[in-house]
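Below is one structure, written out as structure tokens, with a few remarks after it.
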Amino acid sequence: MKYIIKSLTRWVSFAAFLQISPTGHGQIVHIAHCMADCPSGAPPNHETVVHHLYVASVNLETGLPDWVAYRVLRDSIGVASLLPRVWQQDQLLPENMGMDLRDSQGSRVTQVDPSAQSDRSYRINEYVFESKDRGRLTPMSSFAATPYWEELNNTTNMAPMPGQLRTGSWARLEQAINELAATQGELYVISGPLYEISEPLGLRSTGFSGQPSAYFKVVATQKRHAAFIFDSELGLSERYCSQQNTLQRIEELSGLKLFPGLQQTNRQDLAIELRCSGN
């Protein structure tokens, strides 16, 4: 596996995000955005990019991330309403490997910078000024208090995502994660797109460029986890708690092993702490 690493400089509130341990057979690379080991099972045509705030496995055929992993800390969460949201190519990838910043009609995506707007109604929902069919797999609000929030505008943190999902149950789950991290102190999250069951990630043919049919998000601590699958056609008012699923099902659909080092005793009941006790 090839790693492209931005810098070993880190925000002071983070533990070392990259640790390299020598062994008798080489080196073991541990990335602190991942709880134990980062997901495995990605197809050969991918690059793993490591930023201060997230790590992503990028499919070089589509320019899309197959998964993104990040760690939410109590003091990384902040108010993201005024932060500019202008997509940018990830400088860690060659220019021809990035996702094309064009809409479905072939026109380049133009976006409003909300920090320059006189109408402040967007503060109610930080996603209002997103382009219609793009979403962040790592949310800005989870890292608005860090000096590296602009990384989250990278295309390696971007996936095609319908607006009603992005501003609906997906956004509400991310808010619940932030609230839980504010009390727990640390949460590990992995999210990404899912495709048709007949096309698991590891078996896609060269040139695959389909749109995701669903999206997943798994939240974990050392002892507990919760897993969610969001259909791409979910309505705006759908509840995220109703999208609960299992880690095993997500791994089956994606072809990934999301938490290779996860202990067998890790319980799937973290959803209770995410306000899903009634489901």
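The values are calculated or read from the model by the stated rules, or taken from the named source; none is laboratory data. The shown structure was predicted, so the numbers you read here are calculated from the model rather than taken from an experiment. Every residue, glycine as well, gets a Cβ built from its backbone with ideal geometry; the counts of neighbours run over all protein chains shown.
At-a-glance table
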| quantity | calculated |
| --- | --- |
| In segment 232-279, residue farthest from L64 (Cα to Cα) [restricted to those that are more than 16 Å from the chain's Cα centre (by Cα) and assigned to a strand (DSSP E or B)] | R267 |
| Selection count where residues are in a loop (DSSP other than H, G, I, E, B), over 24 Å from Q248 (Cα atoms) and touching a Phe, Trp or Tyr at 6+ places or on another chain (Cβ under 7 Å), scope segment 52-79 | 4 |
| Top-ranked residue in segment 156-192 [being assigned to a strand (DSSP E or B) and in contact with a helix residue (DSSP H, G or I) (Cβ under 8 Å, 6 or more places away or on another chain); ranked as nearest to S237 (Cα to Cα)] | G192 |
| Residues of segment 226-239 satisfying the condition of being of a type in the set (F, W, Y) and either touching an Asp or Glu at 6+ places or on another chain (Cβ under 9 Å) or surrounded by fewer than 18 Cβ atoms within 10 Å (Cβ to Cβ) (or both) | F230 |
| Residues (in contact with a Lys or Arg (Cβ under 8 Å, 6 or more places away or on another chain) and either of a type in the set (K, R) or closer than 11 Å to Y188 by Cβ (or both)) located in segment 218-232 | K223, R224, H225 |
| Candidate set: segment 220-245, residues that are modelled with pLDDT under 95 and among the hydroxyl-bearing types (S, T, Y); chosen: the one nearest to S169 (Cα to Cα) | S237 |
| Among (1) modelled with pLDDT of 80 or more; (2) farther than 29 Å from N178 by Cβ; (3) out of contact with any Asp or Glu (no Cβ under 9 Å at 6 or more places or on another chain), the one test that V55 misses | (2) |
| Residue in segment 200-219 that is hydroxyl-bearing (S, T, Y), at pLDDT 90 or above and surrounded by fewer than 19 Cβ atoms within 10 Å (Cβ to Cβ) present | yes |
